[in-house]
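Report on the following structure.
The values are calculated or read from the model by the stated rules, or taken from the named source; none is laboratory data. Note that the structure is predicted; figures quoted are calculated from it, not measured. Note: ideal-geometry Cβ built from the backbone for every residue, glycine included; neighbour counts use all protein chains shown. Ligands, DNA and RNA are excluded from the accessible area calculation, which covers all protein heavy atoms including side chains. Shrake-Rupley method; radii C 1.70, N 1.55, O 1.52, S 1.80 Å.
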Amino acid sequence: MDVYQMLTLIAAGYILKRIIRDDRPFRWLNVLSTRFLLTLFVFGNVASKDLAYLLSIRLVFLYVLLIIALSLGLSYLYARRFVGDENWAGALMILSAYPNTAAMGFPIASLFLSDITPAILYSTTNSLLVLPLATFIAAHYSSGKASVKNSLIKALKFPPTAANLLAIALVLLGIRLPEWILEPAKAVGWWSIPLLLIYFGSIINLREFRWSHLLEVGLFRSIIPFILVFLTLRGTGDVYYAVLVEASMPPAIMANVILAHYGLKAEEAIGVTVVLTLLVLAFFLSFSALIG
């Protein structure tokens, strides 16, 4: 899926919502795409990997860890010091840690790479870590900072998270499921991506948009990761461009879906995500033209 297809699907969701003027079809679309299709997609993709695969992408894996730790750690420290609203504090941490590495990252990476395999490796590795992490943070903050045990239980009730952890366990145990299970799961589950884009378009609402929130999310999600990769990975070829793009992506649509699921400032987050997505897209189109 390229950038233009992605934008077309988001626009289609926005237009359909204005035509239908009823939330119910889009709520069911969200349930179908996140509770069922995304669960299949996450499980099929993660369970199809093996330990040798994970070891072969050590540098990419290292930067996934660095970027998650940097974005999440700095946003947490900032939220503790400067954010008085606990719900926005949780939302800020999730938006900062959960980049759109696939639906937006892959098309943008293709501006710089003829083979986007390193970007795919980054995205896959990122998804192994950030989905359960984001759902735990959302569950924790939405429950008024309940106990870790209760937050974990609440996070595991989100089907893609449970599927992700189950698939990781299978990989670590060396259990390889047959292709007749994995391939249909990935093929059917892939449809979660266009459906999530349509759903995202249907819930776009800039009435709750705040410039201060855009600056906060933009700093921790895109600007700081871009600077880190730019300064430390230049000269490493395809890995540099893949990590530079993926690490700097705006928040994922899935991050907003998680916030909506747990009732954490979803309207404010959606406005920030829309504007930051457009800014990042314009930046990388210009950056690509600049470096030729």
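General observations
- Output for the stretch 221-242, where each listed residue is more than 23 Å from Val272 (Cα to Cα) and under 17 Å from the mean Cα position of the chain (by Cα): Ala242
- Count of residues meeting criterion [exposed (fewer than 15 other Cβ atoms within 10 Å of the Cβ) and either assigned to a helix (DSSP H, G or I) or modelled with pLDDT of 85 or more (or both)] in the stretch 47-58: 5
Conditions tested, residue by residue: (1) assigned to a helix (DSSP H, G or I); (2) open to solvent by less than 10 Å² (accessible area, probe 1.4 Å); (3) free of Cβ contacts under 8 Å to residues at least 60 places away in the same chain.
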residue	(1), (2), (3)
Phe106	yes, no, no
Phe112	no, no, no
Asp115	no, no, no
Ala134	yes, yes, no
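- Flag for Gly44 being in contact (Cβ under 8 Å) with a residue 24 or more places away in the chain, among the small types (Gly, Ala, Ser) and assigned to a helix (DSSP H, G or I): yes
- If you check Asn100, Asn87 for being open to solvent by less than 20 Å² (accessible area, probe 1.4 Å) and polar (S, T, N, Q), only one passes: Asn100.
- Contact annotation: residue pairs with Cβ atoms under 8 Å, 6 or more positions apart or on different chains, pairing a residue in the stretch 184-201 that is in contact (Cβ under 8 Å) with a residue 60 or more places away in the chain and under 17 Å from Arg18 (Cα atoms) with a partner that is aromatic (Phe, Trp, Tyr) and open to solvent by less than 20 Å² (accessible area, probe 1.4 Å), are Tyr199/Phe26.
- Among the residues of the stretch 21-37, the ones that are more than 14 Å from Ile193 (Cβ to Cβ) and of a type in the set (S, T, N, Q) come to 0 in all.
- Scanning the stretch 220-234 for residues that are open to solvent by less than 80 Å² (accessible area, probe 1.4 Å) and without any contact (Cβ under 8 Å) to a residue 12 or more places away in the chain yields one hit, Thr232.
- Test result for Arg207, open to solvent by 50 Å² or more (accessible area, probe 1.4 Å), of a type outside the set (Gly, Ala, Ser) and over 30 Å from Val239 (Cα atoms): yes
Results for (1) over 18 Å from Met254 (Cα atoms); (2) surrounded by fewer than 19 Cβ atoms within 10 Å (Cβ to Cβ); (3) among the aliphatic types (A, V, I, L, M); (4) touching a Cys at 6+ places or on another chain (Cβ under 6 Å), shown as yes or no for each residue.
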position	(1), (2), (3), (4)
Ile153	yes, yes, yes, no
Phe158	no, no, no, no
Leu166	yes, yes, yes, no
Trp190	no, yes, no, no
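- The residue list Leu92, Leu38, Leu74 contains one member that is aliphatic (A, V, I, L, M), surrounded by 22 or more Cβ atoms within 10 Å (Cβ to Cβ) and more than 21 Å from Ala167 (Cα to Cα), which is Leu92.
- Enumeration of residues in the stretch 260-290 that are among the hydrophobic types (A, V, I, L, M, F, W, C), under 16 Å from Ile204 (Cα atoms) and at pLDDT below 90: Ala260, Leu264, Ala266, Ile270, Val274, Leu278
- Complete set of residues in the stretch 190-227 that are modelled with pLDDT of 95 or more and among the hydrophobic types (A, V, I, L, M, F, W, C): Leu214, Leu215, Val217, Leu219, Phe220, Ile223, Ile224, Phe226, Ile227
- Here Asp22 meets each of (1) outside any helix (DSSP H, G or I); (2) surrounded by 17 or more Cβ atoms within 10 Å (Cβ to Cβ) with one exception, condition (2).
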